[in-house]
Amino acid sequence: MMPNLSEMTNTELKRYISEHRNDSDAFQAAMEVLMSRRNPANRHPYPFELANPEVEVEAILREKLNQTR
């Protein structure tokens with residue numbers, strides 16, 4: 001019986017994923033719940049979705065580096 005994944009905390013979900021990594025159904029269900037919780041503002045584009053990947057990825061990395069200083 002699968003627990004109610006949506007009621008688990010992120011830490012509990014990560015532990016569940018680790019413990020059930022060989023059970024593809026349980027793993028996939030838990031990953032879907034965990035991934036649905038991420039903040040869309042933190043999403044970065046996949047390089048192949050960019051018009052000029054080299055320049056745009058470099059700009060993203062420079063921006064991130066400047067934020068950490």
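The values are calculated or read from the model by the stated rules, or taken from the named source; none is laboratory data. Given the structure is predicted, the values throughout are model-derived calculations rather than measurements. Cβ: placed from backbone, ideal geometry, glycine included. Neighbour counts: every protein chain shown. Surface areas here come from the heavy atoms of the whole protein model, side chains and all, with no ligands, DNA or RNA. Shrake-Rupley method; radii C 1.70, N 1.55, O 1.52, S 1.80 Å.
Quick look at the numbers
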| read-out | value |
| --- | --- |
| Entirely in the chain, the helices (runs of 4 or more DSSP H) that have 3 or more residues that are in contact (Cβ under 8 Å) with a residue 24 or more places away in the chain | 24-36 |
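Rundown of residues vs (1) at pLDDT below 95; (2) open to solvent by 90 Å² or more (accessible area, probe 1.4 Å); (3) among the aliphatic types (A, V, I, L, M); (4) more than 13 Å from the chain's Cα centre (by Cα), yes/no style:
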{"residue": "Met1", "(1), (2), (3), (4)": "yes, yes, yes, yes"}
{"residue": "Arg15", "(1), (2), (3), (4)": "no, yes, no, yes"}
{"residue": "Glu32", "(1), (2), (3), (4)": "yes, yes, no, no"}
{"residue": "Met35", "(1), (2), (3), (4)": "yes, no, yes, no"}
{"residue": "Asn39", "(1), (2), (3), (4)": "yes, no, no, no"}
{"residue": "Pro47", "(1), (2), (3), (4)": "yes, no, no, yes"}
{"residue": "Asn52", "(1), (2), (3), (4)": "yes, no, no, yes"}
{"residue": "Arg62", "(1), (2), (3), (4)": "yes, yes, no, yes"}
{"residue": "Thr68", "(1), (2), (3), (4)": "yes, yes, no, yes"}
